[in-house]
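The next block holds one structure in the form of structure tokens; read it before the comments.
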Amino acid sequence: HEAFRISTMTNSATVHPPPWTPPEDIRSAADVQRHILALTRDSSLTEHEKSRRRQLIHSALFRRLQRARHDSIASELSDKASAKPFSNVLDPKTNQRLLGCRHYPRNCKIEAACCSLWFVCRICHDEHPGLDHAIDRFATKNVRCMHCDNVQPVNSSAHSCTSCGTRFALYF
């Protein structure tokens with residue numbers, strides 16, 4: 001408290017060191033144990049700081065695995081961003097399946113704001129086995145036309161593609 005009062009009285013800013021981050025080489029439980037042991041032996045740190053760093057080391061492996069999992073899913077889905085899936089609904093005029101998914105016929109995909117991945121509908125997002133979260137459908141900002149691949153902002157008055165004029169759906 002004393003140091004804070006002095007710095008406030010002299011109008012000088014207190015300089016904080018950059019936050020400590022766990023080493024990048026943590027790839028296994030053995031690496032976690034090795035770093036925890038080294039941390040335990042470091043006499044320059046307080047017990048509070050050791051405890052904080054221990055937690056960061058323990059969670060580093062989990063975060064790395066989560067990042068790798070997300071990157072793998074993002075790569076898989078980005079390859080399919082321009083794919084044109086078909087719904088189970090037939091066009092009454094041509095008797096051909098309409099674009100869309102098994103949930104809805106539609107001519108567009110939405111970009112999930114939570115993970116920046118493209119899906120035909122919110123249910124397709126939530127049912128994807130590789131994702132561990134649900135979409136906030138009200139946070140959707142972009143839509144992609146499945147006819148011309150034009151990406152445009154979601155707009156309450158624009159239910160058609162601004163590039164080719166294709167009607168997206170009754171709602172999305």
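The values are calculated or read from the model by the stated rules, or taken from the named source; none is laboratory data. The model shown is predicted, which means the values in this text are computed figures rather than measured ones. Note that we place each Cβ from the backbone using ideal geometry, even for glycine, and neighbour counts take in every protein chain shown. The protein model used for the area step is the full one, side chains on, heavy atoms only, and it has no ligands, DNA or RNA in it. Shrake-Rupley method; radii C 1.70, N 1.55, O 1.52, S 1.80 Å.
Applying a threshold of 9 Å to beta carbon distances and a minimum spacing of six or more residues, or different chains, the list of pairs starting in segment 143-167 at a residue that is without any contact (Cβ under 8 Å) to a residue 60 or more places away in the chain and within 19 Å of residue 104 (Cβ to Cβ) and ending at one that is open to solvent by less than 30 Å² (accessible area, probe 1.4 Å) and charged (D, E, K, R) reads 143/109; 145/109. Counting only helices (runs of 4 or more DSSP H) wholly contained in segment 1-86, the ones carrying 3 or more residues that are modelled with pLDDT of 75 or more, open to solvent by 50 Å² or more (accessible area, probe 1.4 Å) and not hydrophobic (A, V, I, L, M, F, W, C) occupy 29-41, 47-79. Segment 89-172 holds strands (runs of 3 or more DSSP E) entirely within its bounds, and those carrying 1 or more residues that are among the polar types (S, T, N, Q) and open to solvent by less than 70 Å² (accessible area, probe 1.4 Å) map to 142-145, 151-153.
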